[in-house]
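The values are calculated or read from the model by the stated rules, or taken from the named source; none is laboratory data. These numbers come from a predicted model, not from an experiment. Cβ atoms come from the backbone with ideal geometry, glycine included; neighbour counts cover every protein chain shown. To get the accessible areas, we keep the full protein, side chains included, count just its heavy atoms, and leave off ligands, DNA and RNA. Shrake-Rupley method; radii C 1.70, N 1.55, O 1.52, S 1.80 Å.
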Amino acid sequence: VDTSYGQTFVRMSGPSGAPPLVLLHGAGGDSLQWIPNIEALSRSYRVYAVDNIYDYGRSIYRQSIKNPDDYVNWLDELFSVLELGNNIKLMGLSYGGWLTSQYALRFPDRLDKIVLLAPAGTVLPIRLVNPTVLADVELHSIKVPTLYIVGENEKICSAQKAIQRLHRVAPHIKTEVIRDAGHDVTFVQEDLVNTKVLEFLTQR
């Protein structure tokens, strides 16, 4: 798919008339990170697994990504080119979770629901310089229905402290702690994650 930031590679699956669900992978990877989840998700949704424009997948960038706004603008342009409309379900893993939160802050009217799977930064700081941690007012201002999933053994931050912070500053965000999992939550507990995500996406 052509965008002003470059060519974006997207793997599409699921019924062509089904509601759109966009998947954003973690840093240092590509859309194949969704292998454990794609079959279950594609039964009910038209799934778009995106290769980040500035990562190791098949996307080819033409201009540098310099800040979160560049990422968000690239995504918004991609959604328009794909003709996804304004009822998008957006799910991100790790770095993709942080990117999902950034998009939800800028373009909430285009989203139906978001899922943050062990998002890097976002709720609590991590060892990396980026991505950023959202301020209390930013977390509180996310109005798109949101599911936050984290493994109980998450290494980039304390799962317990992250849940406590969300309950304090953004109680409208639904939270799930997955037992016997860390940052590898989508691989080691794929069935449970798939169930929790699909339950959330279908709730009204």
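A few notes on this one:
- Residues (open to solvent by 20 Å² or more (accessible area, probe 1.4 Å) and over 17 Å from residue 65 (Cβ atoms)) located in the range 19-28: 19, 20
- Subset of the range 104-121 [closer than 22 Å to residue 29 by Cβ and out of contact with any Pro (no Cβ under 9 Å at 6 or more places or on another chain)]: 104, 115, 116, 117, 118
- A Cβ distance below 6 Å, combined with a sequence gap of six or more or placement on separate chains, defines the contacts here; from the range 155-173, residues that are surrounded by fewer than 18 Cβ atoms within 10 Å (Cβ to Cβ) reach residues that are assigned to a helix (DSSP H, G or I) in the pairs 169/136; 169/139; 169/140.
- Which listed residue, of 40, 18, is outside any loop (DSSP other than H, G, I, E, B) and at pLDDT 90 or above: 40
- When residue 135 is tested against (1) under 16 Å from the mean Cα position of the chain (by Cα); (2) under 27 Å from residue 182 (Cα atoms); (3) surrounded by fewer than 19 Cβ atoms within 10 Å (Cβ to Cβ), exactly one condition is not met: (1).
- Restricting the range 78-98 to residues that are part of a helix (DSSP H, G or I) and at pLDDT 95 or above, the residue that is nearest to residue 173 (Cα to Cα): 79
- Positions within the range 174-204 being exposed (fewer than 13 other Cβ atoms within 10 Å of the Cβ), modelled with pLDDT under 90 and within 20 Å of residue 100 (Cβ to Cβ), in sequence order: 203
- Of residues in the range 53-65 being more than 20 Å from the chain's Cα centre (by Cα) and part of a loop (DSSP other than H, G, I, E, B), the one nearest to residue 99 (Cα to Cα): 64
- Residues of the range 54-90 classified as of a type in the set (Lys, Arg) and closer than 27 Å to residue 201 by Cα, total: 1
- Residue check for residue 139: assigned to a strand (DSSP E or B) and either touching a helix residue (DSSP H, G or I) at 6+ places or on another chain (Cβ under 7 Å) or under 28 Å from residue 87 (Cβ atoms) (or both): no
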